[in-house]
Amino acid sequence: MAGGSTLPKRALGRELRRLRERSGTNQAAAARAIEVSPQTIGRLEDGHASRPTTLQINGLCDRYGASDEERRFLLDLLQDSRTVKQNGAGWWRAYTDQIPADFNHYLALESAACHITSWQVTLLPGLLQTPGYRRALLWAAHPDWSTDDVERRIELATTRQEQLIGTGCRMTVLLSEAVLRHGIGGAGIMAEQLLHMRAMTELPAFSLRVVPFMARSPMGLIARSFVLFRFPVPSNTKIAEPPVVYVEGFAGSLYLERAGEISLYQGALREIERVALNEDETRELVSGVVKEFAG
């Protein structure tokens, strides 16, 4: 699938860091070798450098004593990052006036993923929100915003939904029952929102399950809301990219990539899925809550 250049750039950065550390080279010495700042080396190793060049990668390979095979691998990763970027990544750039700096990385991961699993305890994930639901949240969180700013942010959310559906990315949504019952925007907006969500369950790449109030395991409440991104294998290198977990907070967000952290959240997901209603039971519950709001 077309996606952002985030994945191969992350893999490129990890491999460059491994070679640098193996060679005993610090970031300052690496920077001098290709005439950049140490900060640029740090961004490159973190997968955040905007336009690493073939000359720079070859220069670092020379400095680190990379083998021919290692050099080819790095150049393949560089080519992967360029190829997927040309194939349509970064659709959200048109909305830079409405995207917080830290959310830009989230959108790149979302665009590159082949399977997104979202566990939510309080609110629906943005990719499911109707304009009315989203509008109610935005006005509550930002009462000083202009109408134009609010509508621009809603347009961004709608485009995100269209982009995801268009890629065929699988999406698994797990919700606490509380998410269905919070009266965001009032009964009419909630009824419309739940009907939209129920309609999305007809999509072949979409799965929705709810953890009822009476579920015996509290693991979902302990773990709190998070999103797990899984990624496709890059075309050139054929090396699977590790998953990423995103944890949103009121004052900031976390992106978790360490194997131990990912394993912890994957274990929590298994427990959440164990106590969740199946898809048919979930549709029945959603339909019942719709009637409550509509009545």
Taking the stated definitions as given, is Asp144 out of contact with any Leu (no Cβ under 8 Å at 6 or more places or on another chain), assigned to a loop (DSSP other than H, G, I, E, B), without any contact (Cβ under 8 Å) to a residue 60 or more places away in the chain and surrounded by fewer than 18 Cβ atoms within 10 Å (Cβ to Cβ)? yes
By residue number, the members of the stretch 166-182 that are in contact (Cβ under 8 Å) with a residue 40 or more places away in the chain and farther than 25 Å from Gly220 by Cα are Thr167, Gly168
Of the residues in the stretch 155-177, those that are crowded, with 19+ Cβ neighbours inside 10 Å and in contact with a Lys or Arg (Cβ under 9 Å, 6 or more places away or on another chain) number 4
In the stretch 32-47, how many are surrounded by 14 or more Cβ atoms within 10 Å (Cβ to Cβ), in contact (Cβ under 8 Å) with a residue 12 or more places away in the chain and either part of a loop (DSSP other than H, G, I, E, B) or under 22 Å from the mean Cα position of the chain (by Cα) (or both)? 4
Residue among Ala178, Ala199 that is under 20 Å from Phe213 (Cβ atoms), part of a helix (DSSP H, G or I) and out of contact with any strand residue (DSSP E or B) (no Cβ under 7 Å at 6 or more places or on another chain): Ala178
Could you check Asp80 against (1) of a type outside the set (S, T, N, Q); (2) at pLDDT below 80; (3) in the same structural domain as Phe206 (by TED's automatic domain parsing) and say which number it fails? (3)
So is Arg51 basic (Lys, Arg), out of contact with any Pro (no Cβ under 9 Å at 6 or more places or on another chain), on the phi < 0 side of the Ramachandran plot and not in a loop (DSSP other than H, G, I, E, B) or not? no
Of the residues in the stretch 268-282, how many are loosely packed, with under 14 Cβ neighbours inside 10 Å and under 19 Å from the mean Cα position of the chain (by Cα)? 0
Can you go through Leu221, Leu180, Leu256, Leu228 and tell me which one is surrounded by 16 or more Cβ atoms within 10 Å (Cβ to Cβ) and farther than 30 Å from Gly47 by Cα? Leu180
Can you name the number of the only condition in (1) more than 21 Å from the chain's Cα centre (by Cα); (2) more than 27 Å from Arg230 (Cα to Cα); (3) of a type in the set (A, V, I, L, M); (4) crowded, with 16+ Cβ neighbours inside 10 Å that Leu138 fails? (1)
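The values are calculated or read from the model by the stated rules, or taken from the named source; none is laboratory data. The structure presented is a predicted model; accordingly, all values stated were derived computationally and were not measured. Glycine also receives a Cβ, built like all others from the backbone with ideal geometry; neighbour counts cover every protein chain displayed.
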